[in-house]
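Structure record follows, encoded as structure tokens.
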Ligand code: SF4
Ligand code: SF4
């Protein structure tokens, strides 16, 4: 197999397979969690749980990445807070608003949306890469994180890091000829898609259960989530 | 209690039984970012990484992964998974019972909104079922189950105490009075250690014209089933209040200054019993707020002429939403002399004595260490008077004031109100 064949393979059949694995894997994870059953809450609420849940999700998407909920706690671990925040913002911008990615989305979804100019995307990619390196270093050096971190957590970082790195190389025509680095980039994305349902990177799906639930519980008790 | 050799099995089976969708979703959502550590006073005071909130549920989490997730099951099949051992369960007794008050401060900083305090409560459930509950906590629980009170308040003691309070404080304490609209329940701490609180609350309710009563049967709201982590025992104990309250046909159950009783009765018990209760459950602080708002009681403005600050209790404020009423009281009594700690309200640090920690002798060192966070907060305000709405907090404050030789005065809000009622 030459590079051109490889390219067609990773963006064709392998990508489709990885995407299907991702979708069904995530569905499986979600269904198994939901199937464990949910107890009804009979305690009367002090304020609307629905409003609390929705507001909390909005606030944590718009305000908390920049202004921490308890500032004094975030100040004690600014690296995790900042690097984590920057990475997530960068990820969103690059994957959702990068021109090449929007084309890829269009090929999957059938429609497209406006994009940001390349230098901006490039900037966000660069800070995300730095953030990931910082997060990796942080896991090695912070005593709490050293205790909590297991091998899969390092694999998570690596599996997310590789698409960023290869994408960055590709944009800047570094290291390898375009076709090769493009192939490797898509391959890393395929690997990522397969790894997500098997790992804690899937947290973004459960976020939409736990975060509103947090908001609802605090609202029920008359407190600000 | 599990016999030797069955400890592990019992604990793990309890965990598996308790895993529902909510628990699973939260365990799945955690990214092991470690930020929760920075919110927990036990970690902050000791710097011990094992006191990181989410680490306190590590065993539950590992078991969950091995039993319920595809990758975890694969690891078990390949013999790569590390099983939860009895030695580990014993190790976690310290993390779950000594170093957590289930105050839920950590859930506020968790980017995923995980209710870590609730998960730690669940972590306790397995340890409790396996008989690993700290000895004195278990003793208090046994007392409550057998005698009806963790501090051993039996019928005779109760009658004696109530008679004594009526005489010494010159208040009327109606017991099992028919036709009452509200049933007042106390914690054993108040019955045994803060009798003045009982007198104070009686005065407030009388001044507010509330038709209230106490009950000989439903006299204790404390719930060591909650501390121990057993939903079953918590429900059993709470039934002693719920049952009589239903029979008496009261409209309200008023919980005195006890945070855990309030948490259990107000927010947990209906769901544990699977029914909607036919009466309201309110905290005395809420009643004080209502009486002040409606003008049914008045307090003397400006009588406190020294700086006073307020300690937010985890169960009554952060987990109970009663932030404004005590502040309203202090602002009236102290005016500008009322100063806030930082952080406060939802973000406040808990006292470190809740969740049964203060009843656990082996936790004394870490409990007092956790209190240093509070000392720092209070000292920054410059106040020597600290008011609160929870007798459990008050017990912790008094113990630590003594231990650290602090020159603070520890005050209860109900008592402040009762002492300063405008007749
Ligand atoms: S803050 Fe939340 S997501 Fe992070 S380690 Fe703690 S529980 Fe897990
Ligand atoms: S609930 Fe409170 S005491 Fe327990 S781990 Fe969280 S912050 Fe610490």
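Taking the range A:91-203 as the region of interest, the helices (runs of 4 or more DSSP H) fully inside it that hold 3 or more residues being modelled with pLDDT of 95 or more are A:118-141, A:143-148, A:151-171, A:178-195. Say we look at the range B:33-49 and pick out the residues that are away from ligand 2 (no atom under 12 Å from the Cβ) and surrounded by 21 or more Cβ atoms within 10 Å (Cβ to Cβ); which of these is farthest from residue B:86 (Cα to Cα)? So the residue we want is B:33. Taking the numbered list (1) out of contact with any strand residue (DSSP E or B) (no Cβ under 7 Å at 6 or more places or on another chain); (2) at pLDDT 95 or above; (3) more than 28 Å from residue B:137 (Cβ to Cβ) in turn, residue B:385 passes all entries but (1). With respect to the conditions (1) within 12 Å of another protein chain (Cβ to nearest Cβ); (2) closer than 20 Å to residue B:113 by Cα; (3) free of Cβ contacts under 8 Å to residues at least 40 places away in the same chain, residue A:77 falls short on a single one, namely (3). The single condition among (1) within 27 Å of the chain's Cα centre (by Cα); (2) surrounded by fewer than 18 Cβ atoms within 10 Å (Cβ to Cβ); (3) within 14 Å of chain A (Cβ to nearest Cβ) that residue B:108 does not satisfy is (2). Would the range B:381-390 turn up any residue that is assigned to a helix (DSSP H, G or I), in contact (Cβ under 8 Å) with a residue 40 or more places away in the chain and in contact with a helix residue (DSSP H, G or I) (Cβ under 9 Å, 6 or more places away or on another chain)? There is no residue in the range B:381-390 that is assigned to a helix (DSSP H, G or I), in contact (Cβ under 8 Å) with a residue 40 or more places away in the chain and in contact with a helix residue (DSSP H, G or I) (Cβ under 9 Å, 6 or more places away or on another chain). State whether one or more residues within the range B:237-259 are surrounded by 23 or more Cβ atoms within 10 Å (Cβ to Cβ), within 22 Å of the chain's Cα centre (by Cα), within 11 Å of another protein chain (Cβ to nearest Cβ) and assigned to a helix (DSSP H, G or I). No: the range B:237-259 contains no residue that is surrounded by 23 or more Cβ atoms within 10 Å (Cβ to Cβ), within 22 Å of the chain's Cα centre (by Cα), within 11 Å of another protein chain (Cβ to nearest Cβ) and assigned to a helix (DSSP H, G or I).
None of B:11, B:24 is away from ligand 2 (no atom under 16 Å from the Cβ) and closer than 22 Å to residue A:25 by Cβ except B:24.
How many residues are surrounded by fewer than 23 Cβ atoms within 10 Å (Cβ to Cβ) and either within 16 Å of ligand 2 (Cβ to nearest atom) or under 26 Å from residue B:115 (Cα atoms) (or both) when one looks only at the range B:326-357? Residues meeting the conditions: 7. Flag: residue B:46 matches the condition of being more than 10 Å from chain A (Cβ to nearest Cβ), farther than 19 Å from residue A:203 by Cβ and modelled with pLDDT of 95 or more. Checked against the criterion of being over 30 Å from residue B:344 (Cβ atoms), over 19 Å from the mean Cα position of the chain (by Cα) and more than 16 Å from ligand 2 (Cβ to nearest atom), the candidates A:162, A:158, A:193, A:175 yield just one match: A:175. The single condition from (1) assigned to a helix (DSSP H, G or I); (2) touching a residue at least 40 places away in the same chain (Cβ under 8 Å); (3) assigned by TED's automatic domain parsing to the domain that holds residue B:384 that residue B:303 fails is (1). The listed residues are A:21, A:15, A:64, and the only one of them that is farther than 23 Å from residue B:112 by Cα and within 13 Å of another protein chain (Cβ to nearest Cβ) turns out to be A:21.
Within the range B:298-318, none of the residues are at positive phi and out of contact with any helix residue (DSSP H, G or I) (no Cβ under 9 Å at 6 or more places or on another chain).
Pull up the range B:49-85, narrow it to residues that are part of a loop (DSSP other than H, G, I, E, B) and more than 9 Å from chain A (Cβ to nearest Cβ), then point me to the one that is farthest from residue A:152 (Cα to Cα). Ranking the qualifying residues of the range B:49-85, first place goes to B:85.
For every residue, the table says whether it meets (1) more than 14 Å from every other protein chain (Cβ to nearest Cβ); (2) modelled with pLDDT of 95 or more.
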| position | (1), (2) |
| --- | --- |
| B:266 | no, yes |
| B:276 | no, no |
| B:286 | no, yes |
| B:312 | no, yes |
| B:331 | yes, yes |
| B:338 | yes, yes |
| B:356 | yes, no |
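Residues are listed down the side, and each one gets a yes or a no for (1) more than 23 Å from residue B:244 (Cα to Cα); (2) modelled with pLDDT of 95 or more; (3) more than 16 Å from ligand 1 (Cβ to nearest atom); (4) in a helix (DSSP H, G or I):
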| residue | (1), (2), (3), (4) |
| --- | --- |
| B:90 | yes, yes, yes, yes |
| B:93 | yes, yes, yes, yes |
| B:100 | yes, yes, no, no |
| B:120 | yes, yes, no, yes |
| B:123 | yes, yes, no, yes |
| B:136 | yes, no, yes, yes |
| B:157 | no, no, yes, yes |
| B:162 | no, no, yes, yes |
| B:168 | yes, no, yes, yes |
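The values are calculated or read from the model by the stated rules, or taken from the named source; none is laboratory data. Note that the structure is predicted; figures quoted are calculated from it, not measured. Quick reminder, even Gly has a Cβ in these numbers, built from the backbone with ideal geometry, and neighbours come from all protein chains shown.
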